[in-house]
Amino acid sequence: MASLLFFAYNHEAFVEEALLSTLRQDVGMFELVVVDDASTDRTRAIMEEVLARETPPGVTVRRLYKDKNAGLISAVNDAMALAAGEIFVLMAGDDISMPCRLARSLRTFADLPSVQLVYGECLKIDEAGQAYAAIPGDKGPRFFSYDAAPMTRIYANSSPFGASAAYRRRLFDVFGPMAEGDHGEDNCYWIRALLVGEIYWDPAVFVHWRQHAGNLSNFTSHLGDAEWRRRHLAWMESHATFSEQWLKDIMLAREAGLISWVRAQRLKVAALREDRSWALEASSLRRDPWAEWLSCTLKLLYVGRFSTTLKMLKLRLFRHRQERKWRFWAKLKSNPAA
């Protein structure tokens, strides 16, 4: 059985459409764990209205309604602990899941025992639900693993995208709840999946991913907007804190005999490189005082990233490089067709 974990927080403008898309999956029987992280608007009331009139006979609903907002990591930990399914499919209260999402994910898990995580393509939409751009065609499925990628790449050349992801329950049972922090659940579970087996990317569109000002990562971007730049720097800085969780999970995987000692050591270095690269880029974009910037540089050099530090030196020195980097991030975060 699969457990669909549906997370909402102050999503009254989007939650009805999102929850309906969850209930209307092509698979008729599943468990639905509905989580509201102490919304202050009508999110919870709207969800109850939808559940009362639209829940199919084969769907078992569990509610996890919080009295105090505790953040996404706490909500995911609690929902996974409550869920009974062998597959966890995470869905957000502001996105729209395609009807095929659950069926395709379950088929992949059934056919490929080594796959621990399945995720699919997304179509980015605006607050009104209008698509920004069509998804390019002629893509095939892809597998990611530490056996097939350089050990310097902590994500094994994949790109974490939790909005369309499904995980085997085993990843929660082996590694336990995530530590509280600013990291995303996908940044954690991507590494857990790679430590245990493989990740599979399905080229089918699994979600319409909504871009709006309140989104944690897919927030609206404007190149000259100081507030957007501040938020983006905070997002980058949060990526410089992930290694604490990764190092813990690498140690647990080694103790459980899931990876060799050599792989564990190489992955520890890769985890620190990832964190410290994000920290140095944020410092360079902020044009931190040289003493602070050099401190970040030395930490990165300690784990062997000379080429990256050279690029970041140029970024720190030259305004035109900084503006070019801001344009890169704005294009990535905004309308792909713009």
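The values are calculated or read from the model by the stated rules, or taken from the named source; none is laboratory data. Note that this is a predicted model, so its numbers are computed, not measured. Counting neighbours? That spans all protein chains shown, and the Cβs are built from the backbone with ideal geometry, glycine included.
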(message) Please pick out the residue among LEU258, LEU285, LEU272 that is surrounded by 20 or more Cβ atoms within 10 Å (Cβ to Cβ) and under 30 Å from LEU171 (Cβ atoms).
(response) LEU272
(request) Could you tell me which residue of segment 107-152 is surrounded by the fewest Cβ atoms within 10 Å (Cβ to Cβ), considering only residues that are touching a Lys or Arg at 6+ places or on another chain (Cβ under 9 Å), part of a loop (DSSP other than H, G, I, E, B) and not hydrophobic (A, V, I, L, M, F, W, C)? (result) GLY129
(request) Go through segment 321-335 and give me each residue that's assigned to a helix (DSSP H, G or I) and farther than 13 Å from ARG287 by Cβ. (result) ARG324, ARG327, PHE328, TRP329, ALA330, LYS331, LEU332, LYS333
(message) For a quick check of your reading of the model, give me the residue pairs whose first member lies in segment 181-203 and is in the same structural domain as VAL115 (by TED's automatic domain parsing), whose second is of a type in the set (Phe, Trp, Tyr) and in a helix (DSSP H, G or I), with beta-carbon atoms closer than 6 Å and at least 6 apart or on different chains.
(response) ILE191/TRP246; ARG192/PHE175
